[in-house]
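As structure tokens, the structure follows; a few thoughts come after it.
The values are calculated or read from the model by the stated rules, or taken from the named source; none is laboratory data. Quick caveat, the model's predicted, so the values are computed rather than measured. Note that we place each Cβ from the backbone using ideal geometry, even for glycine, and neighbour counts take in every protein chain shown. Note: accessible area is taken over every heavy atom of the protein model, side chains too, but ligands, DNA and RNA are not part of it. Shrake-Rupley method; radii C 1.70, N 1.55, O 1.52, S 1.80 Å.
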Amino acid sequence: MKDKTTGFLEENQNKHLNPESPLIQESNSPRDMNLNEQLLAQNNFDELYMYQRPHRIDRWDKFKEFGKQISCKNNVLCLFPILKWMRNYSWKEYLLHDVISGFTVAIMHIPQGMAYSMLGGVPPIVGIYMAFFPVLIYILMGTSRHISMGTFAVVCMMTGKIVSEYSTQPTTGIDQATLNGTVTESPLQVTTQGGYTPIEVATCVCFVVGLWQFFLGLFKLGGLSVLLSDTLVSGFTTGAAVHVATSQVKHLFGIKVARFTGPLKVIYTYVDLFKKIKTTNLIALVVCLPVILILVIYNELIKPAIGKKLPVPVPVELLAVVFGAFASSYGNLSANYNVTTVGDIPTGFPRPSAPPFNLMLNVVVDALIIAIVSFSVNMSMASLFARKANYKINGNQELLASGSSNMFASFFSCLPFAASLSRSLIQKNTGGRTQMASLVSCCFLLLVLLWVGPFFEPLPQCILAAIVVVSLKGMFVQVLDLKKIWQHSTADGLVWLITFVSVVVIDIDIGLGIGIFLSVVTIILLGQKLKIIQIGNIPGTDMYLDIGHYQAALEIPRIAILQVAGGMHFANSEYVKSKLYSIVNDKIKSGDNKISFVILDMSCIAFLDPAAAKTLLSIHHELKEKSIDVYLTYCSVTIREKLQHVDFFQEFPEDHVFPFNHNAVMHLKHHHDL
């Protein structure tokens, strides 16, 4: 085959090229001599190098191939990645690291889970459920080795909005009723007459979120997260942090504030808070302020200094929770000083209960937003750790894993779960190698669920609120990113600012929708901006560079070489035409360089639709009337095939298409005595 191909090339080179041609002798570039490209038009070039269109697979053949893939056992391994990495798990090398990491993360789950579940309008114990039930499924199906799944402030807050909208019973705690010694049933799981309990609404949201994620993964729509750019996520999470902090201020001051919904609810909340500021519970304020101060001092001053020297981080949040529970129990703060406490916490597992499916249609849109937000958070964190540890993440499998985990967890009184950056960093930095660390964490939390839960009953809610507020620092400092974002791109800066303001002033879900809309509009507008620059030749070479940036690049008499950069489509076709005519007319009017030929360099064309093809034909015909010939160069195989598909070359001469700029220039010089 090699000899046959070589002979074909030699035969065609002799056929198309004449080494003694004055054109070849004119070129001083060794590269030109090696390529032998002086007189080759695109069709000759394709023939010389044996171009052929790829065989198109019939749709039925694709379907049959898809069916074979489904039946393949590799799909079982893809669906449950644990079957792959467990085969290569080094028990001697990894186990100790995973045990230490899992134990450390489990300790972090306790205060964070109890604090963040309050944002969802459900009892604190639900946060521990969320660190246990969905994580068991994610361990089997997830592709990330390092992210810690469970409660996430923004997702809990978004769920809490839906809970407050559809539930009819306030959440104060969970009853201690125990069945069979290990299974408990909360009164919140019993439907009140004429409405839904917070747990019922939360589990319905969790199920629908899981359903969305599962079907998005099934149809391989893992790329959907690209709708949430880093800029958009930064503005959105910063705005959501304002809502989270606002929801906790009443606990810090021990004030009962009215619950507001809809636009301006943040403002209304603070107005009501200031009206009732005289009713502040001073004991609650005295209890939470030292906690905030200690956490800030440790996180900002002590942790950076000693954090790298310690094998495991100091669980300051857990220590605050333990100390608060002890102090509250010893001083009987609830009875003596009217300090609101966590209240009843059951032991054992919640009784499995199906979510209210008749509520699904009411929450389907909100659940889609939560599904996309939580998946985007998961993917951003998973990709971050995967790049550092040099392994790959499968976005579609992550959707299937998250969806299955949420649907399973919805039967056990859970909210939608997501990855936590702080816990994931701890899991990675304490030596976690695989999701075995999450399994160890679940085992430790199982002990908490079975026996330790009641210890936290006297814990003041103001301490959990203090933990939440301090943890929001990372989101609030994202405001500082706005200056850099604005300097880099005004459009991105506007997306960040408008998203932030919309989330704070209007609402979380509406603000996110506005942000996504602005991002899409920005992409469309930027896509319409297509650049056309004039390029010239570096004398003695086959190099062609932007005349505006390279002074050594010179114009070629009677030839205008214009490089079109971007995507050509129906939205910018007229802009391309007017811009090109403007350049050509300016040259005609100047009189310095009479234009007879226009070469359109298509090397930077990323996309071309039928409307753009018609525009090119219009340019060809209209310039032809002005005795100006149009040539195309650097048309990629994809672009040429699209042009062929719309019968472009029935009106445009194929011998006016060249593989390189230098081909076209040398061809014109040779045939038109330039």
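Relative to the longest principal axis of the C-alpha atoms of the chain, give the angle of the C-alpha long axis of helix 490-505, reported between 0 and 90° and rounded to the nearest 10°.
So the helix axis and the longest Cα principal axis differ by about 20 degrees.
Order of 305-311, 78-84, 363-369, 558-564 by packing, highest average Cβ count within 10 Å first?
Packing proxy ranking, top to bottom: 558-564, 363-369, 78-84, 305-311.
If you count only protein heavy atoms and use a 1.4 Å probe, how large is the accessible surface of Arg351, to the nearest 10 Å²?
80
Write down the accessible area per residue of the chain in Å², having rolled a 1.4 Å probe over the full set of protein chains.
49
Quick one: which residues, 5 or more positions from Phe349 or on another chain, have an amide H under 5 Å from its amide H? H modelled 1.01 Å from N in the peptide plane, none for Pro or chain starts.
The list, which skips near neighbours in sequence, is Val183, Thr184.
Give the value in nm², to one decimal: projected area of the alpha carbon convex hull of the range 364-417, averaged over all directions.
For the Cα atoms of the range 364-417, the hull's average projected area reads 4.0 nm².
Taking only Cα atoms, what is the 0 to 90° angle, nearest 10, from helix 282-297's long axis to the longest principal axis of the chain?
40
List, in order, the whole-Hz ³J(HN,Hα) value for each residue of the range 90-106 obtained from phi through the Karplus relation with A = 6.51, B = -1.76, C = 1.60 and θ = phi - 60°; use x for Gly and Pro.
8, 4, 6, 8, 9, 4, 4, 4, 5, 5, 4, 5, x, 5, 5, 5, 4
List, in the order given, every pair from Lys577/Lys626; Lys265/Lys483; Lys428/Lys483; Lys250/Lys473; Lys624/Lys669; Lys84/Lys308 whose Cα-Cα distance in the structure shown is over 22 Å.
Listed pairs above 22 Å: Lys265/Lys483; Lys428/Lys483; Lys84/Lys308.
Within the chain, which is the longest segment containing none of the GluC sites (Glu not before Pro) that sit in a DSSP loop and have at most 13 other Cβ atoms within 10 Å?
That would be 21-650.
How much of the DSSP beta bridge set in the chain is antiparallel, as a percent to the nearest 5?
Around 45 percent antiparallel, to the nearest 5.
Kirkwood Rh, Cα Rg: Rg to Rh for the chain?
On the way: Rg = 32.9 Å, Rh = 29.5 Å.
Here Rg/Rh amounts to 1.11.
Farthest toward the dipole's positive end in the chain, which of Gln534, Trp85, Val122, given Cβ charges of +1 (Lys, Arg) and -1 (Asp, Glu) about the Cα centre?
Val122
Where does helix 230-253 land angle-wise versus the long Cα axis of the chain, in degrees 0 to 90, nearest 10?
10
Can you tell me what the convex hull of the Cα atoms of the range 272-400 projects to on average, as an area in nm²?
Mean projected area for the range 272-400: 14.7 nm², to one decimal.
Projected onto the charge dipole of the range 272-417 (+1 at Lys/Arg Cβ, -1 at Asp/Glu Cβ, origin at the Cα centre), which of Val364, Ile283, Ala335 gives the Cα projection farthest towards the positive end?
Comparing the listed Cα positions along the dipole, Ile283 ranks first.
Please give the FRET efficiency for Ala335 paired with Thr279, using the beta carbon to beta carbon distance and R0 = 22 Å, rounded to the nearest 0.05.
The formula returns an efficiency of 0.75 here.
Rounding to the nearest 20 debye, state how big the charge dipole of the chain is about its Cα centre with +1 on each Lys and Arg Cβ and -1 on each Asp and Glu Cβ.
For the chain, the charge dipole is close to 1900 debye.
Quick one, what does Rg over Rh come out to for the range 426-560 if you take C-alpha atoms and the Kirkwood Rh?
1.29
Take the chain, mark every one of the chymotrypsin sites (Phe, Trp or Tyr not before Pro) that falls in a DSSP loop and has at most 16 other Cβ within 10 Å, then report the longest stretch left between them, sites excluded. Please list the in-between numbers first.
Numbers: sites that count: Tyr49, Tyr51, Tyr89, Phe219, Phe260, Tyr391, Tyr550, Phe570.
That would be 392-549.
In square nanometres, what is one fourth of the surface area of the convex hull spanned by the alpha carbons of the range 579-653? Don't skip to the end; give the middle numbers.
Details: hull surface 20.3 nm².
Computing the convex hull of the Cα atoms and averaging its projections yields 5.1 nm².
In percent, how large is the relative contact order of the chain, given Cα pairs closer than 8 Å and 6 or more residues apart?
Worked out over the chain, it gives 21 percent.
Helix-only estimate, please: 222 nm mean residue ellipticity of the chain, summing -39500 (n - 2.57) across DSSP H runs of length 4 or more and dividing by its residues, to the nearest 500.
Dividing the helical sum by the residues of the chain leaves -18500 deg cm²/dmol.
Could you pull out the trypsin sites (Lys or Arg not before Pro) across the range 577-622 that fall in loop regions by DSSP (anything but H, G, I, E, B) with no more than 15 other Cβ atoms inside 10 Å?
Lys594
Roughly speaking, to the nearest percent, how much of the chain's 1.4 Å accessible area is carbon and sulfur?
Numbers: 20340 of 32840 Å².
That fraction is 62 percent.
For the charge dipole of the chain, defined by +1 on Lys and Arg C-beta atoms and -1 on Asp and Glu C-beta atoms about the Cα centroid, which residue among Thr430, Val598, Ser404 has the Cα displaced farthest towards the positive pole?
Towards the positive end, the residue furthest out is Thr430.
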